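Structure, as structure tokens:
Read-outs throughout are calculated quantities, based only on the coordinates presented, and are distinct from any laboratory measurement. Here the structure is a predicted model, which means the values were calculated and not measured. We place every Cβ from the backbone using ideal geometry, glycine too, and count neighbours over all the protein chains shown.
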């Protein structure tokens, strides 16, 4: 569906109007680059070459447009991550599947910087949108990772580490890729090219997996914890 506004007494516009998918794409980029509150539907409509009333007519509220953007761009990314994880889990021990999946998933996520920014723009908030992302997209994937991790613990391959500790390490690293804050200077050389970024991810994954491994030295003050 194309949106081409037509004013009374004027011929239909000659330029090709943006499709619904193109408008959602521009909305997705806007929500990734700015906070939800900063995104202006009027400015977005102007950028798309349509009236803000037409934008409201076809997409409803800003919240509805945000959700369509999430469903169009976050859903495929998480589906890819889940499919890759299940393929590895079906063909190897849980620990080995996780060893292969962690660097692979991190690289997939980091290569989608707009999706990461979209997620973490809302991740710092406690609202309907952040809850939607967590419950619909992030939590099912993390739950599957946790199930494989727990099986790897039972197999004697991984040490028991609280889920919160694992999630903080992984999600904290991903957040630093799009919102580096005080690490901006340190991370800049590693983000200068895909090769440099992948090398950094390999180092991070190696450190995490070494810490998870049962053969690693015990963590200072660590307690047995499986959940």
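Summary table below
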| item | result |
| --- | --- |
| Which of 35, 80, 197 has the fewest Cβ neighbours within 10 Å, and the rest in rising order | 35, 80, 197 |
| Cα centroid separation - the stretch 53-123 against the stretch 159-196, whole Å | 17 |
| Descending semi-axes in Å of the stretch 35-89, equivalent ellipsoid built from Cα gyration tensor | 32, 10, 9 |
| Size of the stretch 19-172 as Cα extents on the principal axes (Å, biggest first) | 61, 28, 21 |
| The stretch 83-204 - Rg (one decimal) and Dmax (whole number), Cα, Å | 15.2, 41 |
| Using a Förster distance of 45 Å, the FRET efficiency for residue 144-residue 34 (Cβ separation, nearest 0.05) | 0.90 |
| When the stretch 153-196 is reduced to its Cα atoms, the Kirkwood hydrodynamic radius in Å | 12.6 |
| Whole-number percent relative contact order across the chain, with pairs defined as alpha carbons under 8 Å at least 6 apart | 19 |
| Highest to lowest packing among 49-57, 183-191, 24-32, 204-212, scored as the average C-beta count within 10 Å | 24-32, 204-212, 49-57, 183-191 |
| Within the chain, helix-based [θ] at 222 nm, where runs of 4 or more DSSP H residues each add -39,500 (n - 2.57), nearest 500 | -21000 deg cm²/dmol |
| Label point distance in nm, residue 41-residue 127, each placed 7 Å from Cα along Cα→Cβ | 1.4 |
| Length gained when the stretch residue 210-residue 187 is fully extended (0.36 nm per residue, less Cα-Cα span) | 6.1 nm |
